[in-house]
Amino acid sequence: MATAKARPAEKEYNDIPGTFVFDADRSRQGYHLNMFCMSLMKAENREAFKADEEKYLDRFPLTKEQREAILKRQYNRMLELGGNIYFTAKLGATDGHSFQHMAAMMTGSTQDEYAAMMLRGGRSVEGNRSRSGADKVKVRPGARKTKGAKSRTKSRLSSGTKSRAKTAKKAAARSSARATKAKAKAGTRTRATKARAKTARKGQRRG
């Protein structure tokens with residue numbers, strides 16, 4: 001059996017509550033766990049696993065922690081140990097469970113409670129931004145900064161909007177002036193044409 005590997009180094013996004021980000025470190029850490037889950041895509045492997053789970057797991061160089069998480073169906077723990085949710089879902093399917101069933105287990109709720117929560121739009125972000133509470137420390141300074149930034153942005157947008165409106169108004173005035181000039185010019189040509197036609201008719205009568 002493989003010896004336990006070192007945990008991935010702490011990263012800023014490890015502070016996100018309720019999940020474990022599947023990054024390159026966890027991908028390497030959970031390679032054999034995920035390959036076990038992938039093997040369950042074949043019917044003969046599912047049968048062998050159901051017949052003797054511990055014996056089947058001997059085919060893969062899993063850590064002690066990974067074996068325990070699989071045997072106890074601790075899905076959140078599997079993710080922490082490098083499992084990918086799309087792979088571990090195959091273990092749930094082997095047990096005859098839906099993804100909703102697994103998600104309910106992972107959130108500590110019943111299937112009905114989980115479904116109702118999702119239909120309401122999921123969990124609120126309030127209180128779910130940070131494991132350590134680091135976001136709460138920065139709320140007030142951030143709020144002041146954000147308010148100032150919003151004010152400056154609004155001012156820039158307002159100035160830009162006014163400038164564009166002024167430019168558009170000038171363009172419309174120039175276009176209107178050109179149209180009026182063209183109309184006047186066309187009217188002059190029309191009157192000159194009518195005058196020539198009238199003169200020609202008078203000449204014909206005299207002749």
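The values are calculated or read from the model by the stated rules, or taken from the named source; none is laboratory data. Bear in mind that the values here come from a model prediction, so they are computed numbers and not experimental data. In this analysis, Cβ positions are derived from the backbone assuming ideal geometry, glycine residues included, and neighbour counts consider all displayed protein chains.
At pLDDT below 90, surrounded by 12 or more Cβ atoms within 10 Å (Cβ to Cβ) and assigned to a loop (DSSP other than H, G, I, E, B), is that true of Ser124?
Working: at pLDDT below 90: yes; surrounded by 12 or more Cβ atoms within 10 Å (Cβ to Cβ): no; assigned to a loop (DSSP other than H, G, I, E, B): yes.
Spelling it out, it is not the case that Ser124 is at pLDDT below 90, surrounded by 12 or more Cβ atoms within 10 Å (Cβ to Cβ) and assigned to a loop (DSSP other than H, G, I, E, B).
Among the residues of segment 50-97, write down those that are of a type in the set (Gly, Ala, Ser) and in contact (Cβ under 8 Å) with a residue 12 or more places away in the chain. Quick ask: steps written out before the conclusion?
Kept after step one, since they are of a type in the set (Gly, Ala, Ser), are these residues of segment 50-97: 51, 69, 82-83, 89, 92-93, 96.
If the condition is that a residue be of a type in the set (Gly, Ala, Ser) and in contact (Cβ under 8 Å) with a residue 12 or more places away in the chain, then Ala69, Gly82, Gly83, Ala89, Gly92, Ala93 are the ones that fit.
For residues in segment 132-142 being exposed (fewer than 12 other Cβ atoms within 10 Å of the Cβ) and among the charged types (D, E, K, R), which is modelled with the highest pLDDT?
Lys136
Of the numbered conditions (1) at pLDDT 75 or above; (2) under 27 Å from the mean Cα position of the chain (by Cα), Thr180 satisfies every one except a single condition; which is it?
(2)
Yes or no, residue by residue, for (1) of a type in the set (Gly, Ala, Ser); (2) within 19 Å of Arg26 (Cα to Cα):
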{"position": "Gln74", "(1), (2)": "no, yes"}
{"position": "Thr88", "(1), (2)": "no, yes"}
{"position": "Thr94", "(1), (2)": "no, no"}
{"position": "Ser109", "(1), (2)": "yes, no"}
{"position": "Ala115", "(1), (2)": "yes, no"}
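What helices (runs of 4 or more DSSP H) completely inside segment 10-73 contain at least 3 residues that are of a type outside the set (S, T, N, Q) and crowded, with 17+ Cβ neighbours inside 10 Å? Let's see the steps before the verdict.
On the way: elements: 24-29, 31-39, 43-51, 53-57, 64-71.
Filter on segment 10-73 gives 31-39, 64-71.
Conditions first: (1) in a loop (DSSP other than H, G, I, E, B); (2) of a type outside the set (A, V, I, L, M, F, W, C); (3) surrounded by fewer than 16 Cβ atoms within 10 Å (Cβ to Cβ). Glu113 passes all but one, so which condition is the exception?
Checking Glu113 against (1) in a loop (DSSP other than H, G, I, E, B); (2) of a type outside the set (A, V, I, L, M, F, W, C); (3) surrounded by fewer than 16 Cβ atoms within 10 Å (Cβ to Cβ), the one that fails is (1).
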